[in-house]
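Derivation of every value follows stated rules applied to the coordinates shown; laboratory data play no part. Please read these numbers as outputs of a predicted model, since none were measured by experiment. Cβ: placed from backbone, ideal geometry, glycine included. Neighbour counts: every protein chain shown.
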Amino acid sequence: MEIAMAFVIGGLYAAAIYMMLRRSIVKLVIGLVLLSNAANLLIFTAAGLTRGAPPLINVGDVLPPGPSADPLAQALILTAIVIGFGVLAFAVVLIHRAYEVVGADDMDKMKDTDT
């Protein structure tokens, strides 16, 4: 399963970099979202894909019985998803305002309006 996830993560990183190299600012933001999702999957895969019980420790035990899922990676990814959604919402509003001012989503045309 980790091998398949490695290919999926590599594909997401490749697609994200390809989208970020486009001239359209909308495609840039789509690339940033893909990059964020690829990073989340990388953290999740690096923590291990064990299907186990929740890490609840019984009274008197030191470790949870049997294999358990790693809650730290899940908490990190949940936080990253929330922060990524906030950044995406800000970027969409910023793109909308830039499109209203410039009239195009081409980054080369936006560069020409600086002078």
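What the table below lists for this structure:
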{"quantity": "Fluctuation leader among L63, L49, L21 - the chain, Gaussian network, Cα springs under 10 angstrom", "calculated": "L63"}
{"quantity": "GNM top mover of V102, V29, V87 - the chain, alpha-carbon springs below 10 Å", "calculated": "V102"}
{"quantity": "Rough spin-label spacing in nm, given labels placed 7 Å along Cα→Cβ, for F90 and L56", "calculated": "3.9"}
{"quantity": "In range of the label at A104: residues from the range 13-47 whose backbone nitrogen is under 19 Å from the point 7 Å along Cα→Cβ", "calculated": "21-29"}
{"quantity": "Computed lengthening from R97 to K111, 0.36 nm per intervening residue step minus Cα-Cα distance", "calculated": "3.5 nm"}
{"quantity": "Listed residues G11, G60, G84, most fluctuating in the chain (Gaussian network, C-alpha, under 10 Å)", "calculated": "G60"}
{"quantity": "For A69, distant residues with modelled amide H under 5 Å away", "calculated": "G52, A53"}
{"quantity": "Neighbour-count ranking [beta-carbon atoms within 10 angstrom, fewest first] of I95, I81", "calculated": "I81, I95"}
{"quantity": "Given (i) 1.14; (ii) 1.51; (iii) 1.05, the label whose value is Cα Rg over 2.2 N^0.38 Å derived from this model", "calculated": "(ii)"}
{"quantity": "Exposure proxy order (Cβ contacts within 10 Å, fewest to most) of S24, S36", "calculated": "S24, S36"}
